[in-house]
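The values are calculated or read from the model by the stated rules, or taken from the named source; none is laboratory data. A quick note: this is a predicted structure, and the numbers were derived from the prediction, not measured. Reconstructed Cβ throughout: ideal geometry from the backbone, glycine too, with neighbour counts over all protein chains shown. Heads up: the accessible areas ignore ligands, DNA and RNA and are worked out on the full protein's heavy atoms, side chains in. Shrake-Rupley method; radii C 1.70, N 1.55, O 1.52, S 1.80 Å.
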Amino acid sequence: MHTRPLTGLVFICAAALQAQEPPSLPGTQPLQVTGDLSTQMVAGIDRFLMRALEQSPAERARHWRRDLSSAEAYARSVQPNRDRLRRLIGAVDPRVPFAEMDFVSSTGSPALVAETAAYAIYAVRWPVLDGVTGEGLLLEPKGRVTAQIVALPDADQTPEMVCGLAAGVPAAQQFARRLAEHGCRVIVPVLINRQDEGSGNPVLRRFTNQPQREWVWRQAFEMGRHIIGYEVQKILAAVDWLAARGDAPGAAAPRIGVAGYAEGGLLAMYAAALEPRIEAALVSGYFAARERVWEEPIYRDVWGLLTEFGDAEIASLIAPRALIVEYSEAPAIAGPPAARAGRANVAAPGRIATPEFHLVELEVARANALVRPLASGAFAELKYRNEGNPIGPMADRAVLSLLTKLGAPVAELKPPGPVPPHARPNFDPAPRQKRQFDELVEHAQRLLRASERVRDETFWQVMPRTSPEAWRAAARVAATNFWEQLIGRLPSPTGPANPRSRKVYAEEKWIGYDVVLDVWPDVFAWGVLLVPRDLQPGERRPVVVCQHGLEGLPADTITADPKAPGYAAYRAFAARLAERGFIVFAPHNPYRGQYAFRVLQRKAHPLGKSLFSVIIGQHERILEWLGSLPFVDAQRIAFYGLSYGGKTAMRVPAVLEGYCLSICSADFNDWATKCATVEAGYSYLFTVELDMYEFNLGHTWSYAEMAGMIAPRPFMVERGHDDGVAPDEWVAREYARVRRAYARLGLPERTAIEFFNGPHTIHGVGTFEFLHKHLQWP
C-alpha cells in the first residue's frame with residue numbers, strides 16, 4: 001500500500017512505549033473530546049451527507065450534454081440520460097410484443113363491466129414481461145377517439161374508483177371516466193398498493209407490516225429492478241398497444257398522453273420521460289424538489305438518482321413535449337401500516353405529505369430553464385389555485401390542458417355524467433391485486449434463481465487463471481467497478497489526519513489508546529490501538545484490525561469480562577491477539593443507533609453512495625495512519641470482522657489492498673439469497689435490516705465474488721454450526737466457489753473455512769492459526 005506522510009507526525013520510539021505510559025500515543029495530539037464518540041460519528045456523517053444532498057442539484061449539469069438547437073438534436077443529446085434513468089429504475093427487461101389485449105371474465109364476472117351511450121368499460125389484461133402482465137380497465141369510446149390516455153390513480157386507489165364504479169373518489173376527480181366522456185380511449189392499470197396483505201410467506205408463517213410496494217422493492221432492488229420500473233413497463237406496454245390503434249387501416253393512432261395522481265403521478269412522469277410517443281403528461285400530487293426523498297417511503301429509493309436527476313431533470317426529458325404539473329394535495333401517508341398481530345414490525349419509516357408550494361414552483365421553473373431556448377415558452381405548466389393553494393386532484397383546468405395538448409377538440413370540460421351501472425356489483429379487487437403482486441414477486445425470485453449463472457458468466461468465466469499475478473490485476477479492475485457501481489465511491493481522504501489519542505487501557509502485556517483521525521469535513525475515524533509492551537527498538541510487527549458487529553463498540557472486542565454485553569460474541573479476540581504479540585486496532589464502524597444509522601443509508605442511496613462508501617474512506621485513513629507508524633509492518637495488516645464486521649471483511653479488503661488478508665466471521669453466506677429470497681426465514685426480507693440492500697448485487701458481486709476480488713491474498717471464513725445468519729449449506733456452497741478459485745490458482749493453502757460447534761461468535765482457534773501463519777508471526 002502506498003502511504004502518504006501525515007502532517008505533524010512525530011515518529012514513535014518503541015523504547016518510549018516501554019519506558020513510560022504517556023497519556024497520549026507519542027506522535028499524536030491529546031484527544032480531548034468528551035461524550036459518546038459513536039453518536040458523534042453518526043451525527044458527523046449525517047451532516048456530510050446532508051450537505052451532499054443539498055449540493056446535488058448544482059452537480060447534475062456535468063452529466064448532461066444538451067443540444068438545444070432543435071427537437072431532433074435535443075432528443076439525441078439526452079438519449080444517454082434517458083438510458084441511464086431506465087437502468088436506475090430497472091426498466092431494462094424486453095417487453096413481450098402483443099397485438100390485442102385480453103378480456104378478463106368468468107361465469108360470474110363479465111368482461112364488459114359498465115356501459116353508457118358514450119363509452120364502454122372492459123376488464124382487460126395485457127402482456128408486459130415474461131410472466132408479468134398489466135391488468136385494469138379499458139374505457140372505449142363509442143364514437144371518434146379524440147385522444148388516448150393511460151390514467152394512473154394513486155397506489156391505494158383502484159381503477160374502479162377513478163371510473164366511478166367504486167366508492168372512494170369524488171365524482172369531479174373520477175378522471176378516467178371524465179376523459180372517456182370527452183371521447184378519450186383510456187387504460188387504467190392496477191398499481192401495487194401500500195397495504196401489507198402479501199408481505200410475507202404463509203408457508204413459513206412469517207409476515208411483516210411492509211407495504212406491498214416495499215416488499216417488492218426489497219427483492220427487486222437487489223436484482224437491479226424496482227417497483228417503479230416494473231410499473232413503468234406496464235404503462236409502456238399499454239402505450240405499445242395504443243400506438244397501433246389507428247381509426248382505419250394505415251391511419252395514424254390518436255395522440256397518446258398519460259395522467260397520474262400521487263404514486264400514479266410519479267409513474268406518469270417517469271413513463272413520459274422514457275417514452276417519446278407520449279406527447280403530453282399530467283402529473284398531479286407529485287412534483288417537487290426531491291433532495292429529501294430519504295424521508296419518503298423506501299419504495300421511492302432509487303440508487304444514484306439525485307446525482308443526475310431531480311424532478312426538473314426528469315421533466316426535461318419530456319421536453320419539448322407538454323408537461324402539466326397540478327399542485328394538488330398528496331395523500332397523507334404517515335408511515336407503513338401499523339404492525340398487526342402476527343406481523344413483524346420491520347417496515348421502513350417513510351411519509352408522504354404535500355410539499356410547500358414554493359418548492360413545486362421553483363422546481364417547475366428549473367425544469368423550464370433547463371430546456372430554453374428549445375421550448376421558447378414553458379413546456380411545463382403549473383396549475384394551482386390563487387395564492388399557491390392546491391387544486392384538484394384532476395381539476396378541470398388541468399385535465400382540459402392535457403386534452404388541448406393532445407389536440408382533442410374540447411373547449412371546456414363538461415360536468416361529470418351519471419355513473420354507469422356496474423355489471424359486477426360484488427366485485428372484489430383483492431384477487432386482482434394479489435395476481436399483480438404475485439407476478440412481480442415471482443419475476444424477482446426468478447431473477448434471483450438465475451443470478452448465480454449471471455455472476456459466473458460476468459465474473460468467474462472472465463477472470464484469468466494463468467497466474468496469481470494475472471488474477472490480481474483482473475481483480476483490481478473488478479474491485480474498482482465494484483467500488484464505483486455497487487458500493488459508491490467517495491474521493492479518498494486528502495486532508496491531514498490530525499491524529500489525536502488518549503490512553504484508555506493499561507494491561508500487563510499491552511497498552512490501549514483511543515485514536516481519532518480526520519477523514520472528510522465532519523467525518524472522522526475512531527478506534528482503539530492496542531500496543532504490546534514487549535516491542536523492541538526498530539521492530540515492525542503485523543497488525544490485526546478487529547472489527548465489531550452491529551450495534552457494537554471497539555470495547556466489545558477487547559473486554560475480558562464474561563458479564564460484559566459484548567463478551568459472548570467477541571470473546572475478547574482483540575485483547576487475546578494483543579497478548580499474542582500482534583499490534584491490534586479495533587475501529588468503530590458507524591452501524592450503531594438503530595434507525596439513526598440506517599437513515600444514513602437512506603440519505604446515501606440517492607447519491608449513488610452507501611454506508612460502506614463512508615466506511616471505506618475511514619479505513620483508507622486507518623490504513624494510511626497505521627502504515628506510517630514506525631513499529632508497524634505496513635505489508636502485514638490483516639482484517640478480522642464478526643457479523644456486520646464480517647460484512648466489512650468482505651467489502652473493504654475487496655477494495656483496499658492495504659489489507660493483506662481477510663477473515664469473515666459469522667456472516668459469510670449466499671448474500672444475494674440472504675437479501676432477496678422469500679423462501680427462507682433467514683432472509684432479510686423478514687427483518688428490519690433495510691440497510692442491507694445493494695442495487696443489482698444479485699447480478700454482479702455476491703460473497704464468493706467479493707472473496708474472488710480479495711484473492712490471491714489469504715482469505716478465511718469462520719462459521720458456527722448454530723449461527724442463525726444462514727444455514728451451513730448456504731455457507732459451504734458459497735465458500736466452495738472460493739476454494740475452487742484458490743485451488744485453480746495453485747494457492748489452496750491461502751484459503752480456509754473453519755466450522756465449529758457454536759453460535760454467532762468468535763471461535764478464535766483456526767482463525768488465530770491462520771493469522772499466525774500468513775502474517776508470519778510466531
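Among residues other than Glu308 whose Cβ falls under 10 Å from its Cβ, what is the net charge (Lys/Arg +1, Asp/Glu -1)?
+1
If you average the alpha carbon positions of the stretch 530-556 and of the stretch 403-428, how far apart do those two centres end up, in angstrom?
72 Å
Taking only the alpha-carbon atoms of the stretch 515-560, what semi-axes of the equivalent ellipsoid follow from 5 times the gyration tensor eigenvalues under a square root, in whole Å, largest first? Mind dumping the intermediate values first?
Details: eigenvalues 114, 60, 14 Å².
After diagonalising the Cα gyration tensor, the semi-axes are 24, 17, 8 Å.
Using 0.36 nm per residue of separation minus the Cα-Cα distance, give me the extension gain between Leu362 and Ala411 in nm, one decimal.
Numbers: separation 49, 0.36 × 49 = 17.64 nm, distance 2.97 nm.
In short, 14.7 nm is gained.
Pop out the ³J(HN,Hα) list for the stretch 67-77 in order, Karplus 6.51 cos²θ - 1.76 cosθ + 1.60 with θ = phi - 60°, rounded to Hz; leave Gly and Pro as x.
Values per residue, Gly and Pro as x: 9, 9, 6, 6, 4, 5, 5, 5, 4, 5, 5 Hz.
List the residues whose amide H sits under 5 Å from the amide H of Ile324, counting only those 5 or more places along or on another chain, with H placed 1.01 Å from N in the peptide plane.
Those qualifying (amide H under 5 Å, at least 5 residues apart or on another chain) are Ala281, Leu282, Val283, Glu381.
How much length would be gained if the chain were fully extended between Glu469 and Arg277, taking 0.36 nm per residue of separation minus their Cα-Cα distance, in nm to one decimal?
Working: separation 192, 0.36 × 192 = 69.12 nm, distance 5.17 nm.
Result for the pair: 63.9 nm of gain on full extension.
Bin all alpha-carbon pair distances of the stretch 373-468 at 10 Å intervals from 0 and give each bin's fraction as a whole percent.
Distribution as computed: 10, 16, 17, 20, 18, 11, 5, 2 percent.
Given a cut-off of 24 Å, name the pairs among Lys503/Lys647; Lys234/Lys609; Lys647/Lys674; Lys434/Lys609; Lys563/Lys647 whose C-alpha atoms lie farther apart than that in the structure shown.
Result: Lys503/Lys647; Lys234/Lys609; Lys434/Lys609; Lys563/Lys647 exceed 24 Å.
Explain nothing, just the number: relative contact order of the stretch 335-442, from Cα pairs under 8 Å at least 6 residues apart, as a whole percent.
Numbers: 36 pairs, mean separation 13.4, N = 108.
Contact order relative to length: 12 percent.
So, for the stretch 425-537, what is the accessible surface per residue at a probe of 1.4 Å, expressed in square angstrom?
Averaged over the residues of the stretch 425-537, the accessible area is 46 Å².
Per residue, how big is the convex hull of the chain when only Cα atoms are used? Give it in Å³.
176 Å³
Considering Cα pairs under 8 angstrom that are at least six residues apart, work out the relative contact order of the stretch 191-313 and quote it in whole percent.
17 percent
So for the chain, averaging the separation of alpha carbon pairs under 8 Å that are six or more residues apart and normalising by length, what relative contact order in percent results?
Details: 1672 pairs, mean separation 117.2, N = 778.
Relative contact order here is 15 percent.
Quick one: which residues, 5 or more positions from Arg385 or on another chain, have an amide H under 5 Å from its amide H? H modelled 1.01 Å from N in the peptide plane, none for Pro or chain starts.
Ile391
Sum up the charges of everything whose Cβ sits under 10 Å from the Cβ of Val325, counting Lys and Arg as +1 and Asp and Glu as -1, but leave Val325 out.
-4
Roughly speaking, what is the centre-to-centre gap between the stretch 300-351 and the stretch 616-694 when only Cα atoms are used, to the nearest Å?
31 Å
Along its three principal axes, how long is the stretch 513-605 when you only count alpha carbons? Whole Å, largest extent first please.
47, 35, 17
State to the nearest 20 debye the size of the charge dipole of the chain about its Cα centre, where the only charges are +1 on K and R beta carbons and -1 on D and E beta carbons.
940 debye
At 1.4 Å probe size, with the rest of the protein present, what percent of the exposed accessible area of the stretch 144-253 is carbon and sulfur atoms?
Answer for the stretch 144-253: carbon and sulfur cover 53 percent of the accessible area.
Whole Å is fine, so just give me how far the alpha carbon centre of the stretch 143-163 lies from that of the stretch 456-527.
Each part reduced to its Cα centre gives a spacing of 52 Å.
If you build the convex hull over the alpha carbons only and average its shadow over all orientations, what do you get for the stretch 407-545? Give it in nm² to one decimal.
24.0 nm²
Determine the share of the stretch 504-556's accessible area contributed by carbon and sulfur atoms, expressed in whole percent, with a 1.4 angstrom probe.
Using a 1.4 Å probe with all protein chains present, the stretch 504-556 comes out at 50 percent carbon and sulfur.
Report, in degrees rounded to the nearest 10, the 0 to 90 angle that the Cα long axis of helix 227-242 makes with the longest principal axis of the chain.
In the chain, helix 227-242 runs at an angle near 30 degrees to the longest axis.
Spelling out what I want: for every residue of the stretch 150-161, take phi, set θ = phi - 60°, compute 6.51 cos²θ - 1.76 cosθ + 1.60 (Karplus), and round to whole Hz; glycine and proline get x.
8, 9, 10, x, 5, 4, 8, 10, 8, x, 4, 5
Can you give the Kirkwood hydrodynamic radius of the stretch 246-330 from its Cα pairs, in Å with one decimal?
13.8 Å
If only Cα atoms are counted, what is the Rg of the stretch 118-268, and what is its Dmax, in Å?
Rg and Dmax of the stretch 118-268, Cα atoms, are 16.6, 56 Å.
Restricting to the chain, what percent of DSSP beta bridges are antiparallel, rounded to 5?
Working: 44 of 95 bridges.
The antiparallel proportion sits near 45 percent.
Accessible area per residue, 1.4 Å probe, Å², for the stretch 198-239: what's the number?
18 Å²
I'd like the carbon and sulfur percentage of the solvent accessible area for the stretch 275-424, probe radius 1.4 Å, heavy atoms only, ligands and nucleic acids excluded.
Carbon and sulfur together cover 54 percent of it.
What does the charge count near Glu279 come to, summing +1 for each Lys or Arg and -1 for each Asp or Glu among other residues with Cβ under 9 Å from its Cβ?
+4
How many percent of the alpha carbon pairs in the stretch 690-778 exceed a separation of 22 Å?
On the way: 1350 of 3916 pairs.
Cα-Cα pairs in the stretch 690-778 separated by more than 22 Å: 34 percent.
Over all distinct alpha-carbon pairs, what is the Kirkwood Rh of the stretch 54-112 in angstrom? Walk me through the intermediate numbers first.
Details: mean 1/r = 0.0634 Å⁻¹.
When all Cα pairs of the stretch 54-112 are included, the Kirkwood radius is 15.8 Å.
Report, in cubic angstrom per residue, the convex hull volume of the C-alpha atoms of the stretch 209-257.
85 Å³
Mind listing the long-range amide H neighbours of Gln547? Cut-off is under 5 Å, sequence gap 5 or more, other chains count too, H placed in the peptide plane at 1.01 Å from N.
Under 5 Å from the amide H of Gln547: Tyr640, Gly641, Leu642.
Per residue, how much accessible area does the stretch 287-352 have with a 1.4 Å probe, in Å²?
Computed with neighbouring chains in place, this is 29 Å² per residue.
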